[in-house]
Every structure is written in structure tokens, then in C-alpha cells.
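For reference, the structure discussed in these notes is given below.
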């Protein structure tokens with residue numbers, strides 16, 4: 001893929017004094033605006049990939065490029081959401097969402113001047129995820145699903161080119177999780193940012209991603225890449241189709257083979 005927006009080229013990462021090999025010559029190429037998912041057994045290096053792409057850690061060998069530039073430190077164009085919402089308990093929902101604009105340049109220096117615009121952007125995001133009217137609520141006044149919606153808004157408030165999601169819906173019940181799949185798909189459809197989703201949920205990967213990568217046990221390597229041909233927009237009805245269930249079963253077979261290896 002000559003026009004890859006994110007390019008991991010034979011990336012190896014050793015932790016500690018070099019005695020723990022987390023990733024071994026892993027290569028992934030992601031086009032601008034593509035939505036990919038990474039699946040695999042626990043400890044295979046899925047979350048490590050996110051750290052490498054975001055610039056939080058450097059590879060022991062190989063190259064990590066984003067927008068044709070080598071990643072040599074934390075990127076400003078990245079939004080991130082995790083399994084735990086990590087909302088600050090002393091800030092309201094609105095102020096939690098605005099936080100990246102207060103600390104990430106170039107928004108930080110313009111925050112006071114553009115505050116009204118940023119507040120409106122935050123309210124628009126909250127409306128999209130069904131949280132209008134909750135702007136002044138604190139995290140402890142929100143359900144788990146509502147907190148995760150607010151976390152998703154916070155990861156998108158600075159309009160990042162690259163969104164990285166580390167098991168963002170893993171702690172939620174099935175109904176809330178499926179509802180948030182649809183919300184995330186809608187947000188991505190409106191503004192197709194590049195997404196890297198790390199998940200253990202194969203149904204989630206099949207619902208959301210354009211391309212799904214299966215990783216081996218540690219040290220992590222990509223052992224399978226599967227293009228997802230399911231038409232968009234995907235709905236809950238999609239999850240009952242033969243094409244969807246076949247894809248999920250095939251992914252599960254790959255994971256089972258990886259675990260047995």
C-alpha cells in the first residue's frame with residue numbers, strides 16, 4: 001500500500017533489559033480513513049501496537065510511520081479511548097470533554113479565544129451520542145455506558161486524524177456495547193478518521209472494521225489479514241446475516257489455531 005497513512009514496517013519491540021520480546025517483525029499498513037481492528041490472544045501485543053503508533057514507546061527495530069513521517073514522540077493528531085473511561089471525577093461531563101483542547105496544541109493556545117466554538121462542538125458531540133442535557137453532570141452521576149460515551153466524545157473533540165481504541169466497550173453489557181458500535185460507526189461515517197481498534201470481541205471487529213488483523217501469541221506477529229466486505233452502514237440486522245456469522249466463525253477459528261500453536 002504505497003499511500004499508507006499508518007505504516008508499521010517489520011517492527012520489533014523488547015521490554016525491560018531486552019528479555020521480553022513483545023512484538024517480532026510485525027508489519028501493518030493502514031490507509032487514511034480506514035477502520036481496522038486487531039484481535040488475538042491476551043498478551044500478544046495488541047495494546048503495544050497502539051503505544052508504538054501513538055509514539056508513547058519506540059520500537060527496538062523497524063520503522064513506524066504516520067503520514068509518511070517517522071514517529072519519534074507522542075503524536076498530537078491522535079485521540080484515544082480505553083476500556084475504563086478515566087473521566088476526572090472533579091470535572092463535569094462538558095469540562096471532561098474539553099480537556100484535550102486545554103492541553104493539546106495548537107488548541108491550547110487558542111482555547112480562551114475559541115472557547116465558545118469548542119463548547120458548541122462538545123455539545124454537538126454529546127447530542128450525537130445521546131447525552132444532551134448531561135453537560136453539567138459529574139462522572140459519578142453517569143452510568144458506565146454514559147461515561148464511555150463521554151470518553152468517546154473526549155477522544156474526538158480535537159478532531160484527530162487518528163483514533164485509537166483499546167477495548168473501549170469491553171466492560172459494558174451487550175446491549176450498551178451494540179448501541180455504541182452504531183454510534184461509533186455514525187461518527188466515523190460523518191468524518192472518516194483513521195481508526196485502530198484493539199478488541200477481544202470478534203463480533204465487534206466484524207461489525208466495525210474494514211480490515212481485521214489476527215495476531216499470534218507473544219511475541220506478536222500478524223498471522224492473518226481479513227478484508228471485511230460487509231456493506232455499510234451496518235446494523236444489528238447485519239449481525240444475523242450468513243456473511244457476518246461466517247466471518248466471526250472464521251476469525252474464531254484463527255484465534256483457536258493461534259492458541260493451540
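None of the figures in this text is laboratory data; all of them are computed from the coordinates on show. Just so you know, these numbers come straight off a predicted model, no measurement behind them. Cβ: placed from backbone, ideal geometry, glycine included. Neighbour counts: every protein chain shown.
Under the rule of -39500 (n - 2.57) per DSSP H run of 4 or more residues, summed and divided by the residues of the chain, what mean residue ellipticity at 222 nm is obtained, to the nearest 500 deg cm²/dmol? Each step should come with its number before you reach the end.
Working: 8 runs with 94 residues, N = 261.
Calculated at 222 nm, the ellipticity per residue is -11000 deg cm²/dmol.
Provide, as a two-decimal number, the C-alpha radius of gyration of the range 85-160 over 2.2 N^0.38 Å, N being how many residues it has. Provide the component values of the computation, followed by the final result.
Numbers: Rg = 11.5 Å, N = 76, 2.2 N^0.38 = 11.4 Å.
After normalising by residue count via 2.2 N^0.38 Å, the value is 1.00.
Averaging sequence separations of C-alpha pairs under 8 Å and six or more residues apart, then dividing by the length of the chain, give the relative contact order as a whole percent. Could the numbers behind the result be given before it?
Details: 478 pairs, mean separation 68.4, N = 261.
Contact order relative to length: 26 percent.
To the nearest 10 degrees, how steeply does helix 242-260 sit against the main Cα axis of the chain, on a 0 to 90 scale?
60
How much FRET efficiency would the formula 1/(1 + (r/R0)^6) give for residue 132 and residue 90, where r is the Cβ-Cβ distance and R0 is 25 Å, rounded to 0.05?
Details: r = 23 Å, r/R0 = 0.90.
Taking R0 as 25 Å, the efficiency between residue 132 and residue 90 is 0.65.
Within 10 Å of each residue's Cβ, count the other Cβ atoms and sort 146, 17 from fewest upward. All intermediate terms of the calculation are to be shown ahead of the outcome.
Numbers: 146 19, 17 6.
Fewest-to-most ranking of 146, 17: 17, 146.
Gap in Å between the Cα centre of the range 8-42 and the Cα centre of the range 59-74?
The two parts, judged by their Cα centres, are 12 Å apart.
With N set to the number of residues, divide the alpha-carbon radius of gyration of the range 118-248 by 2.2 N^0.38 Å and report two decimals. All intermediate terms of the calculation are to be shown ahead of the outcome.
Details: Rg = 15.7 Å, N = 131, 2.2 N^0.38 = 14.0 Å.
Ratio of Cα Rg to 2.2 N^0.38 Å: 1.12.
What area, in nm² and to one decimal, does the C-alpha convex hull of the range 1-70 cast on average over all directions?
Values: hull surface 19.0 nm².
In nm², the orientation-averaged hull projection of the range 1-70 is 4.7.
Using Cα-Cα distances under 8 Å and only pairs 6 or more residues apart, what relative contact order does the range 1-140 have, in percent?
On the way: 176 pairs, mean separation 29.1, N = 140.
Relative CO of the range 1-140 lands at 21 percent.
Taking Cα centroids, how far is the range 212-239 from the range 153-209 in Å?
14
Can you sort 213, 244, 207 by how many other beta carbons sit within 10 Å, fewest first? Mind dumping the intermediate values first?
On the way: 213 22, 244 18, 207 25.
Arranged by neighbour count, lowest to highest, 213, 244, 207 become 244, 213, 207.
Below 8 Å between Cα atoms, with a sequence gap of 6+, how large is the relative contact order for the range 7-73 in percent?
Numbers: 99 pairs, mean separation 25.7, N = 67.
Result for the range 7-73 is 38 percent.
Where a ≥ b ≥ c are the square roots of the eigenvalues of the C-alpha gyration tensor, would you call the range 1-128 rounded, which needs a/c under 1.5, or, failing that, prolate if a/b is larger than b/c, or oblate? Walk me through the numbers on the way to the answer.
On the way: a/c = 2.18, a/b = 1.84, b/c = 1.19.
Verdict is prolate for the range 1-128.
On a 0 to 90° scale, report how tilted helix 144-156 is relative to the longest principal axis of the chain, with both axes built from alpha carbons and the result rounded to the nearest 10.
Once rounded, one gets 90 degrees.
Sorted from fewest to most neighbouring beta carbons within 10 Å, what does the list 39, 104, 64 look like?
104, 64, 39
Any chance you could give the angle, 0 to 90 degrees and rounded to 10, that helix 115-128 forms with the longest Cα principal axis of the chain?
60
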